[in-house]
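Student: Just passing along the structure, written as structure tokens.
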Amino acid sequence: MLSTPYALFSYLRSFKSAQSSFVRRKFFLQIRAVSSLKVIWRKDSRLDEAIENDKRYKLCARVVREVLNEPGQVIPLRYLEKRRQRLRLNVSIKTFMSFNPGLLNTYCDRIKPKSEPVLFLRPSDRLRGFLEEEKRITMENEALLVSKLCKLLMISKDKLLSVDKLVHVKREFGFPNDFLVNLVPKYPEYFQIIGSPGDEKSFLQLVSRNPNFAKSVIERRAEDESISTGIQIRPNFNYNLPPGFFLRKEMREWVRDWLELDYISPYEDVSHLAQASPEMEKRTVGIFHELLSLSLFKRIPVPILGKFSDEYRFSNAFSSVFTRHSGIFYLSLKGGIETAMLREAYKGSQLIDCDPLLEIKDKFVELLEEGWRERAEQRRQQAKQVRNDMEFMAARADA
């Protein structure tokens with residue numbers, strides 16, 4: 001209650017000061033072009049380790065896919081040998097198989113009726129067992145796959161995406177190889193293919209918008225916190241700089257004011273926003289946050305994200321967002337490929353909240369580890385036999 005003229009004067013002065021401060025900060029945001037804000041990239045060895053840990057698994061998965069994609073799921077060994085460079089395999093196929101037993105079997109057959117028999121590769125019984133497990137896990141998570149596909153379409157400006165581009169990113173989000181043939185036709189209320197899937201200009205279009213899918217991870221998190229605390233929580237990004245990382249004062253002030261801007265959902269229409277505005281920057285960060293959240297490993301190679309620049313209204317210099325907002329993202333250079341990672345999804349090098357579809361990866365790793373254990377045991381037995389033979393020969397020499 002403002003009972004005195006002096007109290008009223010003080011209140012009006014403080015209000016005017018706060019209002020002036022807000023205007024100055026908003027003006028500061030507007031006059032500083034987003035592209036002029038530079039943050040020096042710094043290495044985060046823990047997040048790089050997360051990529052390194054999956055290196056062997058991904059290499060094995062690439063080789064297996066190469067065989068499974070062949071007609072009849074068989075391929076002459078020498079043909080696969082010629083594809084080593086494309087598979088980024090720096091050892092021979094035979095050496096790869098000896099390092100990773102239990103994946104592929106060899107057998108002899110003729111390429112042509114009158115040609116000499118050659119070695120062929122085909123999936124092992126263990127690998128076929130894994131493929132059945134993969135089908136089961138995929139079927140159990142069909143609703144999740146449908147929601148992911150709907151969300152990717154809902155974020156796009158025209159609510160449609162190129163079929164070729166979707167096929168290219170299917171593994172990043174966990175879509176099965178046959179999702180266009182077996183998943184999409186089951187949900188005509190959501191999806192429609194324009195053109196033939198084999199055509200260059202074929203697209204997947206969203207037929208209807210499900211409001212249940214139109215909430216981002218950040219919005220759902222704010223709702224959950226509001227319910228648990230009884231306090232209305234404002235949706236916003238978690239901003240945590242890694243240890244030893246500091247921003248210049250100018251950048252700290254910009255980030256502070258930028259975080260105070262209203263969160264803009266990636267599912268909102270933003271055609272009215274200027275491309276270079278701080279509000280558009282906030283929406284772009286929201287899109288990247290959502291895309292990485294939808295991905296299996298909460299990380300996506302930057303070149304893959306770049307394929308959707310037109311559909312998601314990314315600027316040409318969109319990758320600078322990941323270094324400019326180092327408290328939200330990390331840009332890994334591991335393996336010579338820029339990979340955008342979501343910081344909040346990791347504790348050290350380990351994923352915190354794993355996508356249910358990652359059970360497929362876990363089953364595949366179990367298959368690999370079983371073969372590695374068998375190889376290690378075989379090598380131990382061979383070493384033991386060599387020692388026994390040497391001891392026997394030494395005993396005979398002494399006699």
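Student: Pairs under 8 Å by beta carbon, first residue of a type in the set (D, E, K, R) in the range 88-101, partner in a helix (DSSP H, G or I), six or more apart or different chains?
Tutor: Between residues of the range 88-101 that are of a type in the set (D, E, K, R) and residues that are in a helix (DSSP H, G or I), the close pairs are Arg88/Leu59; Arg88/Arg62; Lys94/Leu77.
Student: Can you name the helices (runs of 4 or more DSSP H) wholly within the range 286-339 that have at least 1 residues being without any contact (Cβ under 8 Å) to a residue 12 or more places away in the chain and under 25 Å from Val167 (Cβ atoms)?
Tutor: The qualifying helices (runs of 4 or more DSSP H) are 309-312.
Student: So which residues in the range 121-180 are hydrophobic (A, V, I, L, M, F, W, C), outside any helix (DSSP H, G or I) and not assigned by TED's automatic domain parsing to the domain that holds Lys82?
Tutor: The answer is Leu160, Leu161, Val169, Phe175.
Student: Taking interchain pairs and intrachain pairs at least six residues apart, which have beta carbon atoms under 6 angstrom, with the first residue in the range 346-375 and within 21 Å of Leu104 (Cβ to Cβ) and the second acidic (Asp, Glu) and not in a strand (DSSP E or B)?
Tutor: Listed by first residue and then by second, the contacts come to Ile360/Glu134; Lys363/Glu133.
Student: Can you tell me which residue within the range 236-262, out of those that are under 23 Å from the mean Cα position of the chain (by Cα) and surrounded by 14 or more Cβ atoms within 10 Å (Cβ to Cβ), is modelled with the lowest pLDDT?
Tutor: Pro242
Student: In this structure, is Ser156 polar (S, T, N, Q) and more than 18 Å from Ser265 (Cα to Cα)?
Tutor: Criteria not met by Ser156.
Student: Right, Lys94: at pLDDT 70 or above, basic (Lys, Arg) and exposed (fewer than 14 other Cβ atoms within 10 Å of the Cβ) or not?
Tutor: Yes.
Student: Sort out which residues of the range 344-355 are crowded, with 17+ Cβ neighbours inside 10 Å and over 12 Å from the mean Cα position of the chain (by Cα), and write them in order of number.
Tutor: If the condition is that a residue be crowded, with 17+ Cβ neighbours inside 10 Å and over 12 Å from the mean Cα position of the chain (by Cα), then Glu344, Tyr346 are the ones that fit.
Student: Same structure, new question: If a residue must be loosely packed, with under 12 Cβ neighbours inside 10 Å and not hydrophobic (A, V, I, L, M, F, W, C), how many such residues does the range 221-235 contain?
Tutor: Result for the range 221-235: 6.
Student: Right, another one. Would you mind stating whether Ile304 is under 23 Å from Lys159 (Cβ atoms) and surrounded by 15 or more Cβ atoms within 10 Å (Cβ to Cβ)?
Tutor: It is true that Ile304 is under 23 Å from Lys159 (Cβ atoms) and surrounded by 15 or more Cβ atoms within 10 Å (Cβ to Cβ).
Student: Can you tell me which residue among Asp257, Asp262 is in contact (Cβ under 8 Å) with a residue 60 or more places away in the chain and either in contact with a Cys (Cβ under 7 Å, 6 or more places away or on another chain) or more than 13 Å from Ile328 (Cα to Cα) (or both)?
Tutor: Exactly one of Asp257, Asp262 is in contact (Cβ under 8 Å) with a residue 60 or more places away in the chain and either in contact with a Cys (Cβ under 7 Å, 6 or more places away or on another chain) or more than 13 Å from Ile328 (Cα to Cα) (or both), namely Asp257.
Student: What pairs come out if I take residues in the range 160-188 that are on the phi > 0 side of the Ramachandran plot and pair them with residues that are part of a loop (DSSP other than H, G, I, E, B) whose C-beta lies under 8 Å away, six or more apart or interchain?
Tutor: Gly174/Asn141; Gly174/Leu296; Gly174/Asp355
The values are calculated or read from the model by the stated rules, or taken from the named source; none is laboratory data. Note that the coordinates shown come from a computational prediction; the quantities given were computed from them, not determined experimentally. Note that we place each Cβ from the backbone using ideal geometry, even for glycine, and neighbour counts take in every protein chain shown.
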